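Here's the structure we're looking at; comments come further down.
The values are calculated or read from the model by the stated rules, or taken from the named source; none is laboratory data. Keep in mind that this is a model prediction, so the values were computed, not measured. We place every Cβ from the backbone using ideal geometry, glycine too, and count neighbours over all the protein chains shown. These area figures cover heavy atoms from the full protein model, side chains too; ligands, DNA and RNA do not enter into them. Shrake-Rupley method; radii C 1.70, N 1.55, O 1.52, S 1.80 Å.
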Amino acid sequence: MGSDTNFPVSVSSLHFPSTTERLSVSQTLASLRRSALSVTNRLRSIEADATFVTEVASHYDLPLVANERCGSWYIPPDSKTGSAYFKSTDGHTGQWDFSFRRLNLQILPIAREHGGCIIVDSTRRGKLMPDALSKTIPIWCAVVNRALFPSETAYHSVKFPPNYLGVSEESQIEQRINGFVDSLKGLKLDLDELRQQLGKPIRLAWANRSYFHPTDLHKGNRYNLFVLCSASKRVHGAEISEGGYIQGAGDDSEGWAHGLTPPVFWAHKSTLLAQAEEDLPEVIEDLLQEYRKQDVGHQATLVAPTRNLYISQTNPDINESGRYDLVIDCNGRPSAVEETPKRLNLGCASSKLGGRDLRNHLDKVRAFIRSQLGSDPSQSLLVTCESGKDLSAGTLLSIICLFYNDAGEFTEPRVDQVIGKQFIRQRLAWIVSSKHDVNPSRSTLQSVNAFLMQRPDY
């Protein structure tokens, strides 16, 4: 070997990549991935998926219903007929369930009017469809068919997408259906009224980027057709290999959208897609501020069968309108200025902490209702919280359980009154059936149960 060789002759002469150099490769890959997952790529992916959803609607001649929250991204607001709230977790293996917090009865009249509907959702990379479409909704449909149309046995079995689940899982799900039917009947809902709202049993079909199944199924005279549509194209590799396309781009929008919502996206789609990525957060904030000015506010919802209990998201235009005789604001801060005999601010914490916090305030709620409605039961009561779906629902649930009879009329609690979980579930059904996006958290319901199931202390 010549003397002018460049090969190292000792260990100390060897060069190893520095930590900084190794990190730079990792950082480069992370940067490429972030670039592929940009807001612009997400919005363009949503736009592409929405085109497929529109084609499905045209093929079946059925209205579009968004499975919230993800589904609304894929439906232009003027094409959206309604919303459903089916959770994928209720279809997870071994956790199959029929949710009594989300009854989804609001889609029954939609189906009757149009002969069915298309429920739109999507899922992330690698899956053909979310569990909500493959299991949660099939469970729900089987329960509804058996409860409302007991003689139509042809529609009683659970229908699943083709060659998707194992035989064992399908069998285990099937075995749970009758128990769910019994629990639904235990809510004491008016099943005859629900049967009239739906009109005919439900039959299922699936539409995704891989297939339509059954291939030739359309609306019919003997059934309502529910088409379960997964909007996104199935992606097996990383997003970077798809030219910027992102499967399930609308999922978990809290983490990427900078507050952007589907209505604002569809109203300003061209403007948003024309922006440089670094300018989008500021542009989105400007559009949101303009949208808030135009928004007329959330209307309060009457909780039937009562004639005087209302629920809404906290909104000064509603709370201060004088339209309601009494107001309970679950998140409102108690103060000498705000507190009047006609108003109760509970001061609960925000978000998940509020559910646990509610337990400490329900005694005040009971005293307020006894004092105010007890003297004049004809007064209207509005209960609000920051979402209009969680703490306000829990507070109203406590009030309904304590002070309202089966006919929805105010009544003084009995000293020997004992409240159990089944009774609480029945009263919760009043709220869920009246305001379909209500979703009290587990901690909120635990607080309500703990309060109501203790020995009464009047």
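Numbers below:
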{"read-out": "Nearest-ten-degree value, helix 39-60 long axis tilted from longest Cα axis of the chain", "value": "60"}
{"read-out": "C-alpha long axis of helix 421-434 to longest principal axis of the chain, angle in °", "value": "80"}
{"read-out": "Accessible area per residue, Å², the chain with all protein chains present, probe 1.4 Å", "value": "48"}
{"read-out": "FRET efficiency, residue 157 to residue 270 (Cβ-Cβ, R0 45 Å, nearest 0.05)", "value": "0.45"}
{"read-out": "Reach of residue 364 by Cα under 18 Å, taken over lysines that are not fewer than 8 positions away in the same chain", "value": "342"}
{"read-out": "Binned Cα-Cα distances of segment 301-453, short to long, each 10 Å bin given as a whole percent", "value": "11, 47, 37, 5, 0"}
{"read-out": "Surface share of carbon and sulfur [accessible, 1.4 angstrom probe, percent] for segment 301-453", "value": "51"}
{"read-out": "Positive minus negative residues near residue 89 (Lys, Arg vs Asp, Glu; Cβ under 10 Å)", "value": "-2"}
{"read-out": "Of the chymotrypsin sites (Phe, Trp or Tyr not before Pro) in segment 123-193, those whose Cβ has at most 16 other Cβ within 10 Å and which sit in DSSP loop", "value": "164"}
{"read-out": "Average Cα contact separation per residue, the chain, under 8 Å, 6 or more apart, as relative contact order %", "value": "16"}
{"read-out": "Shape of segment 339-427, Cα gyration tensor, a/c cut at 1.5", "value": "oblate"}
{"read-out": "Peptides ranked, highest mean first, by Cβ atoms within 10 Å: ranges 223-234, 362-373, 39-50", "value": "223-234, 39-50, 362-373"}
{"read-out": "Global geometry of segment 208-264, whether rounded, prolate or oblate, following the gyration tensor of its Cα atoms and the 1.5 cut on a/c", "value": "oblate"}
{"read-out": "Once the Cα gyration tensor of segment 39-288 is diagonalised, semi-axes √(5λ) in Å", "value": "33, 19, 17"}
{"read-out": "Computed over segment 159-209, Cα set: Rg, Dmax in Å", "value": "14.7, 41"}
{"read-out": "Crossing angle, helix 442-452 versus the chain [Cα axis fit, 0-90 degrees, rounded to tens]", "value": "20"}
{"read-out": "Three-way shape label, segment 354-394, alpha-carbon gyration tensor, a/c 1.5", "value": "oblate"}
{"read-out": "Gap separating the Cα centres of segment 127-200 and segment 214-232, nearest whole Å", "value": "16"}
{"read-out": "Accessible-area composition of segment 48-113, carbon plus sulfur, in percent [1.4 Å probe]", "value": "46"}
{"read-out": "Qualifying lysines (Cα of each under 22 Å from Cα of residue 185; at least 8 residues distant if same chain)", "value": "87, 135, 159, 200, 421, 435"}
{"read-out": "DSSP bridge pairs, segment 301-453: antiparallel proportion in percent, nearest 5", "value": "25"}
{"read-out": "Formal net charge of residues neighbouring residue 173 (Cβ-Cβ distance under 12 Å; K, R +1; D, E -1)", "value": "-3"}
{"read-out": "Projected-area mean, the chain, by convex hull of Cα positions, square nanometres", "value": "32.7"}
{"read-out": "Selection from 274, 346, 407, by position along the positive dipole direction of the chain (Cβ)", "value": "407"}
{"read-out": "Gap separating the Cα centres of segment 243-292 and segment 370-399, nearest whole Å", "value": "36"}
{"read-out": "Mean separation of Cα contacts under 8 Å (6+ apart) over length of segment 39-288, as relative contact order %", "value": "26"}
{"read-out": "Cα lying deepest toward the dipole's positive end in the chain, options 226, 149, 91, charges on Cβ", "value": "149"}
{"read-out": "At R0 = 41 Å, FRET efficiency that the Cβ-Cβ distance of residue 407 and residue 89 yields, to 0.05", "value": "0.70"}
